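Worksheet for the structure shown next.
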Amino acid sequence: MVRTTLDRSLFATSLRFLLPRGESMKRLLACVLVAFSTTALAATNPLTVPSKLEPKWQQKTREVFKQAIEIPSVHNRGEMPRMAKVLGDQFRAAGIPEADIHVMPYEALPGDKTVALIVRWRSPHPTKKPMLILGHMDVVEAKREDWKNDPFVFREEGGYFLGRGASDMKNGDVATTMAAVKLMSEGFKPNRDIIFFYSGDEETRGIGATLGASEWRNLTEAEFGLNADGGCGAYDKNFRPIGCGISTAEKTFQTYFLATHNPGGHSSRPRPDNAIYELADALKALQNHRFTPMLNDTSRGYFQERAKQEGDSPLGQAIRRWLANPNDGAAADEIEANPLEVGLTRTRCVATMLEGGHADNALPQMAKATVNCRIMPGVDPKDVQSEIQQFVGPKVEVVPDPNYIGQSTPPSPLRPDVLKAVTDAIQKIHGPAMRVYPLMSTGASDGSFFRAKGIPVYDVDGSWGISPDDERAHGLDERIPVRAMYDDVVHWETIIRELAGR
């Protein structure tokens with residue numbers, strides 16, 4: 001999942017639509033004790049502020065994080081069992097019995113034998129339903145020749161930990177694990193079972209999450225889930241805190257293949273029809289097409305506050321026009337022209353790969369494009385396929401990727417207890433200036449598969465960076481501030497205490 005930490009809204013207005021019926025804003029604000037300043041100027045460099053995590057736990061966290069980074073848990077490398085063992089061994093050493101540590105083998109991409117890890121920390125006297133904590137152990141490929149240093153050799157440099165998976169998302173795997181281990185070492189007894197689910201193919205097919213939410217449901221059944229793959233805080237380049245986002249909704253991920261076919265022939269005798277030209281026309285139609293703009297509760301609350309932030313700027317005016325008339329496509333276009341708002345007003349599809357032809361002296365018999373769509377919640381991917389087929393015309397075949405069929409998922413209603421726990425956690429680390437706000441993720445994660453099966457999920461990880469400099473997931477020199485890695489353990493420790501404490 002591509003993680004972003006852009007500041008997108010203020011807290012209070014964004015939450016108004018999430019209040020339970022009859023609940024007052026004043027009461028909820030008092031409950032979560034949120035206070036923030038919007039006028040703060042440059043702040044202290046957070047990289048230089050010591051973490052609140054005790055030094056001995058910093059050392060333990062560093063050791064496990066190093067082990068995790070140096071396992072190249074990329075699809076088809078067969079390394080996922082090693083990664084599962086690193087995490088599982090921490091739980092074993094902390095006292096979780098072997099019967100509650102499950103390494104679940106499965107096949108992701110064809111031929112990719114991988115595993116998921118499911119660990120259950122049992123409450124001695126449960127008074128609440130279980131809580132699920134989600135993560136994934138796999139990372140995207142990182143080629144040695146592309147990196148200045150080996151991406152699978154852990155490094156500490158300039159206040160950062162570097163390596164593939166440093167921010168997506170071995171940091172979250174290690175932070176959630178070490179927070180639990182730390183609490184166990186201190187004798188903490190949860191009042192609910194806590195289930196840790198780490199999949200092995202989130203970056204490819206999501207089969208692990210699919211199984212976790214269905215066939216393995218006896219091991220993962222929970223009242224709600226907290227996802228370490230996304231969410232939370234950031235600082236701008238002047239080191240001002242710019243907020244912590246709790247993702248309560250995700251767009252649906254779906255890839256389609258657009259293909260044209262032709263009898264072909266000799267290139268010296270061009271035909272009036274040509275597979276490449278027909279595909280090019282279809283892709284141009286895709287580029288110019290605008291899906292119907294849509295608002296849901298999450299995005300409406302977000303844009304209401306963005307309009308206030310923007311005032312009478314052109315963007316602010318466009319937002320207000322769109323809120324007044326959600327069918328105003330021109331206003332939605334103006335909004336999405338802003339790089340902070342891309343993908344938030346409607347379904348978006350984009351061509352990502354091309355192939356075609358078979359010889360430089362032969363007319364193409366086939367041309368094919370890969371088109372990736374991020375579909376608004378509540379929209380069926382089949383309807384998007386039909387819409388694409390309509391505007392590209394009958395000469396172009398449009399089919400979904402058979403290896404991954406997206407499923408629309410509803411937004412998760414924000415729970416006041418989750419909101420309070422996250423707010424307390426981030427303000428314990430960053431102070432009251434770090435605001436909390438809900439958002440709709442334009443990316444995708446394992447959380448969507450559990451939402452689809454009735455378990456609400458919230459992206460609430462506590463790692464942070466300097467935006468946009470540290471937003472390097474899937475890219476070169478992926479990194480996380482050293483302090484942020486340690487802070488994330490404190491963040492999860494606080495959340496677990498609040499949501500599973502007596």
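The values are calculated or read from the model by the stated rules, or taken from the named source; none is laboratory data. All of these numbers come straight from a predicted model, not from anything done at the bench. Heads up, the Cβs are rebuilt from the backbone with ideal geometry, glycines too, and the neighbour counts pull from every protein chain shown. Heavy atoms of the whole protein, side chains included, go into the accessibility calculation; ligands, DNA and RNA do not. Shrake-Rupley method; radii C 1.70, N 1.55, O 1.52, S 1.80 Å.
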Test each condition in (1) open to solvent by less than 10 Å² (accessible area, probe 1.4 Å); (2) closer than 26 Å to P50 by Cβ; (3) part of a loop (DSSP other than H, G, I, E, B) for A179 and report the one that comes out false.
-> (3)
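Count, please, the residues in region 373-400 that happen to be part of a loop (DSSP other than H, G, I, E, B) and modelled with pLDDT of 95 or more.
Residues of region 373-400 that are part of a loop (DSSP other than H, G, I, E, B), as a first pass: 376-380, 393-396.
From what's left, modelled with pLDDT of 95 or more: 393-396.
The qualifying residues number 4.
Of everything in region 152-174 that's open to solvent by less than 10 Å² (accessible area, probe 1.4 Å) and under 16 Å from the mean Cα position of the chain (by Cα), which residue is farthest from V64 (Cα to Cα)? Show your work before the answer.
Of region 152-174, the ones open to solvent by less than 10 Å² (accessible area, probe 1.4 Å) are 161, 163-166, 168-174.
After this cut, where a residue has to be under 16 Å from the mean Cα position of the chain (by Cα) as well, the list is 165-166, 168-173.
Values: G165: 13, A166: 12, D168: 16, M169: 14, K170: 10, N171: 10, G172: 12, D173: 10 Å.
Looking at the filtered set, the residue picked out is D168.
Suppose we filter region 337-377 for residues that are hydrophobic (A, V, I, L, M, F, W, C) and open to solvent by 70 Å² or more (accessible area, probe 1.4 Å); how many remain?
Start the filter on region 337-377 by keeping residues that are hydrophobic (A, V, I, L, M, F, W, C), which leaves 337, 340, 342, 344, 349-351, 353-354, 359, 362-363, 366-367, 369, 371, 373, 375-376.
Those still in the list that are open to solvent by 70 Å² or more (accessible area, probe 1.4 Å) too: 337, 342, 350, 353-354.
Summing the residues that are hydrophobic (A, V, I, L, M, F, W, C) and open to solvent by 70 Å² or more (accessible area, probe 1.4 Å) in region 337-377 gives 5.
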Which ranges mark the strands (runs of 3 or more DSSP E) fully within region 212-254 that have 1 or more residues being in contact with a Cys (Cβ under 8 Å, 6 or more places away or on another chain), farther than 27 Å from P105 by Cβ and open to solvent by less than 10 Å² (accessible area, probe 1.4 Å)?
-> 232-235, 241-250
Run V422 past the list (1) open to solvent by 10 Å² or more (accessible area, probe 1.4 Å); (2) not in a loop (DSSP other than H, G, I, E, B) and report the number of the one that doesn't hold.
-> (1)
Of all residues in region 316-330, which are without any contact (Cβ under 8 Å) to a residue 24 or more places away in the chain and in contact with a Phe, Trp or Tyr (Cβ under 8 Å, 6 or more places away or on another chain)?
-> I319
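Go through region 325-367 and give me each residue that's assigned to a helix (DSSP H, G or I) and either within 25 Å of P400 (Cβ to Cβ) or among the hydroxyl-bearing types (S, T, Y) (or both). Please lay out each step first, then the result.
Our first condition is that a residue be assigned to a helix (DSSP H, G or I); within region 325-367, this holds for 329-336.
Matches in region 325-367: E336 only.
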Note on L295: of the conditions (1) outside any loop (DSSP other than H, G, I, E, B); (2) crowded, with 17+ Cβ neighbours inside 10 Å, unmet is (1)
Has region 31-54 got at least one residue that is modelled with pLDDT under 70 and part of a helix (DSSP H, G or I)?
-> yes
Could you count how many residues in region 305-323 are open to solvent by 90 Å² or more (accessible area, probe 1.4 Å) and either within 10 Å of N338 (Cβ to Cβ) or acidic (D, E) (or both)?
-> 2
Failed item, numbered, when T409 is tested on (1) surrounded by fewer than 17 Cβ atoms within 10 Å (Cβ to Cβ); (2) in contact (Cβ under 8 Å) with a residue 60 or more places away in the chain; (3) more than 29 Å from I466 (Cα to Cα); (4) among the polar types (S, T, N, Q) = (1)
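For region 100-117, how many residues meet the condition of being within 23 Å of F188 (Cα to Cα) and either within 20 Å of the chain's Cα centre (by Cα) or open to solvent by 70 Å² or more (accessible area, probe 1.4 Å) (or both)?
Step one: of region 100-117, the residues within 23 Å of F188 (Cα to Cα) are 100-102, 117.
Within this subset, residues satisfying the condition of being either within 20 Å of the chain's Cα centre (by Cα) or open to solvent by 70 Å² or more (accessible area, probe 1.4 Å) (or both) are 117.
Summing the residues that are within 23 Å of F188 (Cα to Cα) and either within 20 Å of the chain's Cα centre (by Cα) or open to solvent by 70 Å² or more (accessible area, probe 1.4 Å) (or both) in region 100-117 gives 1.
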